[in-house]
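Let me begin by presenting the structure, written as structure tokens, before commenting on it.
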Amino acid sequence: MRKKKKENHFVLYLFWLVFLVAMLAIAGFVWQNKYEFFPNLIKNGVSVCFLGVDGENKFVKYNYSEELGQTKFEFATRKLIEGPSQIQKFLNTYSEIPAGTKIIAIIQEDDKNIIDLTSEFNTGGGTEGIYKKLNQVIETVLLNTDKPTYLFINGKQVEVFGGEGIMITQPLSKNSL
């Protein structure tokens, strides 16, 4: 009888030890990724427009530092094209920007900005997807710069976008689509 009681205590202690280690691991993971779980902690940040599961705009805030050697505008644009992190995807955030899209150049002049993307940006999604990805770019631009910003694909200013032939007015604004 005594031996069985000792075995039960050992199993109980082992359970609590495993539970404690698991909780510490989870706490460490959340702490390392605290800005993704708790974006209100970000004091000096940039906002990027992604999409929520309902297809509506979902703004994600990133911690920004000038030590990164980029302006807020450039940092936000790079984060947008990079797409949501795995944690953000877990938190029901997605992007219509095709995964293969790359930045050719981000040009920042005194009077304007230019975002030049690869042709992958101009593929896929259908009409609704095209409007959503263009809206993501426009919203991110408007949140992170006051300068007129122009969208280029493979070195050419975009006037007509996608296979559906969606006309775009530039510089990018709420009225571009």
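The values are calculated or read from the model by the stated rules, or taken from the named source; none is laboratory data. The model shown is predicted, which means the values in this text are computed figures rather than measured ones. Glycine also receives a Cβ, built like all others from the backbone with ideal geometry; neighbour counts cover every protein chain displayed.
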Inside segment 159-177, the number of residues satisfying the requirement of being modelled with pLDDT of 95 or more and crowded, with 20+ Cβ neighbours inside 10 Å is 1
Per the filter on segment 57-81, residues surrounded by 15 or more Cβ atoms within 10 Å (Cβ to Cβ), in a helix (DSSP H, G or I) and of a type outside the set (Gly, Ala, Ser) are Lys72, Phe73, Glu74, Phe75, Thr77, Arg78, Lys79, Leu80, Ile81
message = Condition (residue is among the hydrophobic types (A, V, I, L, M, F, W, C) and closer than 23 Å to Gly45 by Cβ) applied to segment 119-132: is it met by at least one residue?
response = no
The one condition Lys43 fails out of (1) surrounded by 10 or more Cβ atoms within 10 Å (Cβ to Cβ); (2) modelled with pLDDT under 95 is (1)
By residue number, the members of segment 121-158 that are buried (at least 20 other Cβ atoms within 10 Å of the Cβ) and over 19 Å from Ser95 (Cα atoms) are Thr149, Val158
